[in-house]
Amino acid sequence: MKIFTLQSGSWAAIFFAAFIALSAFVAFKKADEKQATRPNILFIFADDLRADALGYAGNTVVETPNIDLLASSGVQFLNCYVMGGHHGAICAPSRAMLMSGKSLFHVYDVLDGVHTMPQHFAENGYQTFGTGKWHNGAKTFEASFQKGKTVMLGGMSDHFKVPVRDLGSDGKLGEVEVKGFSTDIFTGSALSYLDEYAKGDKSSPFFCYVAYTAPHDPRSPREDYIGKYPEKDIPLPGNYKPVHLFDYGEAQVRDENLAPWPRTPEVIQATLSDYYGLISHLDTRIGDLIRSLKDKGLYENTIIVFAADNGLAVGSHGLLGKQSLYEHSMKVPFVITGPGIPENRKSDALVYLYDIFPTLAAKTGLPNPDHIDGKSLAAVISGESTGVRESSFTAYRNLIRAVRDKEWKLIRYPNRDYTQLFNLKKDPLELDNLSGKPQYRAKEESLKKLLAQWQQETGDTVAHTAKNILPMKYEPEKFERTMDKNQPRYTQDRYWKE
């Protein structure tokens, strides 16, 4: 009988091959385990929600217990901003910046060909789902999400009659169906997705994006929230004015048509009553999402982000909308909570919505996205750092530019050759304009230089003083109002009948 023997070199080859196979198996197993343990993401995004219209932010009228609970269980960013907008529908550029991680002058609304946050998560093993408002084009939703239900394309609708589409198995958004109420249908779709996910193998973590249209107008809460806040009991904003003190070029933009001029205390109280009703309804349904995560055993491994696309005036400075650079219109709520995130921490770091993309990538162990302007806030969240920038910059059309540091803020109106200077620590409501006063000249000049630096860095080419200076004086009491098609009978009867 012939006996076959192996030379020592052959044994070495076999052992080496076995070692390589074992190493590959271990690496694959570790990668698989890392994939399975990566935290889920529930991203809740509100529409036209000013930062101080929430209980945790100090508002003593509106009831938001579920959002307050999120805030107390995580990190609250007290100085989060949307950088601004190219046009009156601030929410479109705001959402483009959020999804791209890019600043205002480096991205535009439609996002064609832009690498988005949900795409980044999908490419790194996440299952992505979206529902609600998408103001950045149908094709970019289809490119960004693997699953989608009750998606509203556009800026707004009647809350009771929302035109929505579902993302089909072919990856395309289907035909329009009209459903309502907005807050309920978007929540229902998210709950259905979470239920489907929980019943599956959960081999991949999820990225679930829920974009509400509340409390954006129409100011028409669901019937059981109408009158929840009696108008006579609602205090006016501390910076309430009947009209804005001067014309800066947007006195009759769509949002400003929602109430007559001058703004009476009664109409602002009525508006706030409805606004707060929409917010409380939103809070209730957010509570349903949180309970669903807990009931399905998903809560402990889910990072929850709560934020909004922009603020709103609702009577502050004689304005109703978000087309200004005052704090009430540019500052937004931003809360993050979940595994690895400290509880009940407040940060006064100057941050932008477009910082959220790299922050979530860092907190989930994903590669940092390329070619973005946003900065990861992971070190701020952990307490290792107090901030990522020393100042922030905002812009609206070619009409206004603003810059702020930790204490001071300068707003410049090029077309009016007019400047406002506020000490935000002493005057957070922006009522006492210190511009032009000799004792503050040095601060004003330093902020103007800082504004120029920001414009150069971001690619903003608007001059600080326009060639043609327009008058500031105006007569708003002579304005005629026009009503958009999305106002339901409730708001027509309440705000449009003389």
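The values are calculated or read from the model by the stated rules, or taken from the named source; none is laboratory data. Remember, predicted model here, so these are calculated numbers, not experimental data. Please note: Cβ atoms are built from the backbone with ideal geometry, for glycine as well, and neighbour counts cover all protein chains shown. Ligands, DNA and RNA are stripped out before the accessible areas are found, and what is left, the full protein with its side chains, is counted by its heavy atoms. Shrake-Rupley method; radii C 1.70, N 1.55, O 1.52, S 1.80 Å.
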Scanning the stretch 101-129 for residues that are in contact (Cβ under 8 Å) with a residue 40 or more places away in the chain and not in a helix (DSSP H, G or I) gives 101, 102, 103, 115, 124, 125, 126, 127, 128, 129
Filtered residue count, the stretch 225-239, keeping only those that are among the aromatic types (Phe, Trp, Tyr) and exposed (fewer than 15 other Cβ atoms within 10 Å of the Cβ):
0
Looking at 105, 145, can you tell me which residue is closer than 26 Å to residue 255 by Cβ, of a type in the set (Phe, Trp, Tyr) and modelled with pLDDT of 95 or more?
105
On the given criteria, is residue 200 at pLDDT below 95, under 29 Å from residue 41 (Cβ atoms) and surrounded by fewer than 18 Cβ atoms within 10 Å (Cβ to Cβ)?
no
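Restricted to the stretch 86-97, and to residues that are in contact (Cβ under 8 Å) with a residue 60 or more places away in the chain, in contact with a Gly (Cβ under 9 Å, 6 or more places away or on another chain) and part of a helix (DSSP H, G or I), which residue is nearest to residue 49 (Cα to Cα)? Walk me through it before giving the result.
As a first pass, look at the stretch 86-97 and keep what is in contact (Cβ under 8 Å) with a residue 60 or more places away in the chain: 86-92, 94-95, 97.
Checking which are in contact with a Gly (Cβ under 9 Å, 6 or more places away or on another chain) leaves us with 88-92, 94, 97.
Next cut, part of a helix (DSSP H, G or I) only: 91-92, 94, 97.
Working: 91: 11, 92: 15, 94: 13, 97: 17 Å.
Of everything passing the filter in the stretch 86-97, 91 is nearest to residue 49 (Cα to Cα).
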Checking residue 111 against (1) under 22 Å from the mean Cα position of the chain (by Cα); (2) at pLDDT 95 or above; (3) crowded, with 21+ Cβ neighbours inside 10 Å; (4) under 23 Å from residue 359 (Cα atoms), which single condition isn't satisfied?
(2)
When every residue in the stretch 460-498 that is assigned to a helix (DSSP H, G or I) and touching a Pro at 6+ places or on another chain (Cβ under 8 Å) is compared, the one most open to solvent (accessible area, probe 1.4 Å) is 477
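Return the only residue of 70, 42 being over 17 Å from residue 352 (Cβ atoms) and part of a strand (DSSP E or B). I'd like the intermediate steps shown before the answer.
Numbers: 70 fails: part of a strand (DSSP E or B).
Result: 42 is the single residue among 70, 42 that is over 17 Å from residue 352 (Cβ atoms) and part of a strand (DSSP E or B).
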Subset of the stretch 130-147 (residues that are open to solvent by less than 10 Å² (accessible area, probe 1.4 Å) and either in a strand (DSSP E or B) or of a type in the set (Asp, Glu) (or both)):
130, 131, 132, 133, 134
Is the stretch 138-151 home to any residue that is touching a residue at least 24 places away in the same chain (Cβ under 8 Å), more than 18 Å from the chain's Cα centre (by Cα) and more than 18 Å from residue 174 (Cα to Cα)?
no
Could you list all residues from the stretch 250-281 that are in a loop (DSSP other than H, G, I, E, B) and either surrounded by 18 or more Cβ atoms within 10 Å (Cβ to Cβ) or among the aliphatic types (A, V, I, L, M) (or both)?
250, 251, 253, 259, 261, 263
Say we look at the stretch 423-459 and pick out the residues that are in a loop (DSSP other than H, G, I, E, B) and touching a residue at least 40 places away in the same chain (Cβ under 8 Å); which of these is surrounded by the most Cβ atoms within 10 Å (Cβ to Cβ)?
430
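Report, by residue number, each residue of the stretch 99-108 that is surrounded by 24 or more Cβ atoms within 10 Å (Cβ to Cβ) and over 17 Å from residue 368 (Cβ atoms).
Of the stretch 99-108, the ones surrounded by 24 or more Cβ atoms within 10 Å (Cβ to Cβ) are 99-101, 104.
104 - this is the single residue of the stretch 99-108 that is surrounded by 24 or more Cβ atoms within 10 Å (Cβ to Cβ) and over 17 Å from residue 368 (Cβ atoms).
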What about residue 90, is it touching an Asp or Glu at 6+ places or on another chain (Cβ under 6 Å), on the phi < 0 side of the Ramachandran plot and open to solvent by less than 10 Å² (accessible area, probe 1.4 Å)?
no
For the stretch 282-308, give me the residue count where each residue is in a strand (DSSP E or B), surrounded by fewer than 24 Cβ atoms within 10 Å (Cβ to Cβ) and among the β-branched types (Val, Ile, Thr).
3
Can you spot a residue in the stretch 399-412 that is surrounded by fewer than 16 Cβ atoms within 10 Å (Cβ to Cβ) and in contact with a Leu (Cβ under 8 Å, 6 or more places away or on another chain)?
yes
Matching option when the condition is in a loop (DSSP other than H, G, I, E, B), in contact with a helix residue (DSSP H, G or I) (Cβ under 7 Å, 6 or more places away or on another chain) and farther than 28 Å from residue 184 by Cα, among 311, 374
374
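Quick one: in the stretch 408-454, which of the residues that are among the small types (Gly, Ala, Ser) and over 25 Å from residue 249 (Cβ atoms) is nearest to the chain's Cα centre (by Cα)? Lay out the reasoning, then the answer.
The initial filter retains those residues of the stretch 408-454 that are among the small types (Gly, Ala, Ser), namely 435-436, 442, 446, 452.
Remaining after also requiring over 25 Å from residue 249 (Cβ atoms): 442, 446.
On the way: 442: 35, 446: 30 Å.
This residue is 446.
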Residue in the stretch 381-400 that is out of contact with any strand residue (DSSP E or B) (no Cβ under 6 Å at 6 or more places or on another chain), among the acidic types (Asp, Glu) and within 27 Å of residue 342 (Cα to Cα) present
yes
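Quick one: in the stretch 338-368, which of the residues that are part of a strand (DSSP E or B) and under 14 Å from residue 382 (Cβ atoms) is farthest from the chain's Cα centre (by Cα)?
Initial filter on the stretch 338-368 (part of a strand (DSSP E or B)): 345-352.
Add one more test, that the residue is under 14 Å from residue 382 (Cβ atoms), and what stays is 345, 347, 349.
Working: 345: 20, 347: 17, 349: 17 Å.
Among those that are part of a strand (DSSP E or B) and under 14 Å from residue 382 (Cβ atoms), it is 345.
Regarding residue 242, is this residue open to solvent by 10 Å² or more (accessible area, probe 1.4 Å), assigned to a loop (DSSP other than H, G, I, E, B) and in contact with an Asp or Glu (Cβ under 9 Å, 6 or more places away or on another chain)?
Values: open to solvent by 10 Å² or more (accessible area, probe 1.4 Å): yes; assigned to a loop (DSSP other than H, G, I, E, B): yes; in contact with an Asp or Glu (Cβ under 9 Å, 6 or more places away or on another chain): no.
The answer is no for residue 242.
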